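Heads up: the structure comes next, in structure tokens.
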Amino acid sequence: MTGRRIHPLSKLFGWLVILFLAGPIVIVIGTSVSDTPYLAFPPQGFTLKWYANVFNHSGFLDTFIISMQVAVGGTLIALVTGLAAAYALTRYRMKIPGWYGSVFFLPFFIPEIVFGFSLLKTLIVQFQLPILPSLILGHAILCLPYMVRVIGASLAGFDFSIQEAAISLGMHPVKAFWTIVLPNIRSGVIAGMVLAFITSLNDMAVALFLTGPGISTLPIEVFTYVQQFFDPTVSAVSVLLMGVTILVMMLIERSLGLSKTVQ
């Protein structure tokens, strides 16, 4: 059988989509190496001084460390909570009311400004939590829908009779979950962790309400920097942040074997 020919319009549409997705990245990379004291594309000249300026600015380094702490902490809390919620919703879907699963997706429907203000009033004003724990909890709630949705999709195709058979043969339910269920949904867990980590690392709307004196995140610091300066340092920060995201994804893939899992 000969393969069906791809219509020229389909090829054109595909290239337009690629250009639409890759265009902003190319522009950001180009402006980060421009020799002009302002954002310019195409770049005029070539220099790496804006990358050096990132490391010379102590605010970027300090807030990056805080952003990593918040992203890792929020992702881990969302992972534990989302894994338990997705398992319960899938495993006992006949006993749990259908509307119950929608509760975990409320952060998707609430505007982030309203969501951030609600977290400020609840976590900091009412419960008087410190700023850093409030940031971690706020980002955990923000990332929870990704965990529940992605892990739930992986659990939807899992045959729970295998777990029940292991338990009936004497295996402890917790051990059966860790040795039977979890390895089969590993790809969903990894995907949920990556989505949650990236969402937390790049969030600004929620962090804008939960940051305070001495504690801020990298997106907030970049936003503050842009209000005072308009040089390519911002583009250099963006390129480095993209590099960190790619590095995290590569480390997760190599350590947890995502490519082997999804084959």
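The values are calculated or read from the model by the stated rules, or taken from the named source; none is laboratory data. Everything quoted here is computed from the prediction, not taken from an experiment. Note that we place each Cβ from the backbone using ideal geometry, even for glycine, and neighbour counts take in every protein chain shown. Please note that ligands, DNA and RNA were not included when accessible areas were found on the heavy atoms of the full protein model with its side chains. Shrake-Rupley method; radii C 1.70, N 1.55, O 1.52, S 1.80 Å.
Just a few scattered comments:
- FRET efficiency, residue 19 to residue 103 (Cβ-Cβ, R0 25 Å, nearest 0.05): 0.05
- Accessible-area composition of the chain, carbon plus sulfur, in percent [1.4 Å probe]: 71
- Per residue value of the accessible surface for the chain (all protein chains in place, 1.4 Å probe), Å²: 59
- Cα gyration tensor, the stretch 88-182 - rounded (a/c under 1.5), prolate or oblate: prolate
- Accessible-area value, residue 248, 1.4 Å probe, nucleic acids and ligands omitted, Å²: 30
- Computed label-point distance, nm, for sites residue 80 and residue 56 using a 7 Å Cα→Cβ extension: 4.3
- Read-out P(r) over Cα pairs in 10 Å bins from 0, in percent, derived from the coordinates shown; its label in [x] 6, 22, 27, 24, 14, 5, 1, 0; [y] 6, 26, 33, 25, 9, 1, 0; [z] 7, 28, 32, 21, 11, 2: [x]
- C-alpha long axis of helix 218-228 to longest principal axis of the chain, angle in °: 20
- Taking the charge dipole of the chain about its Cα centre, with +1 at Lys and Arg Cβ atoms and -1 at Asp and Glu Cβ atoms, the residue from 74, 214, 162 reaching farthest to the positive side is 162.
- Reducing the stretch 59-133 and the stretch 209-248 to their Cα centroids gives an inter-centroid distance of 22 Å.
- Tilt relative to the chain, helix 58-91 - C-alpha long axis, 0 to 90 degrees, to 10: 20
- Of all aspartates and glutamates in the structure, the ones whose alpha carbon falls short of 19 Å from that of residue 49, not counting any fewer than 8 places away in one chain, are 35, 231.
- The chain: angle of helix 131-156 to the longest principal axis, Cα-based, in degrees nearest 10: 50
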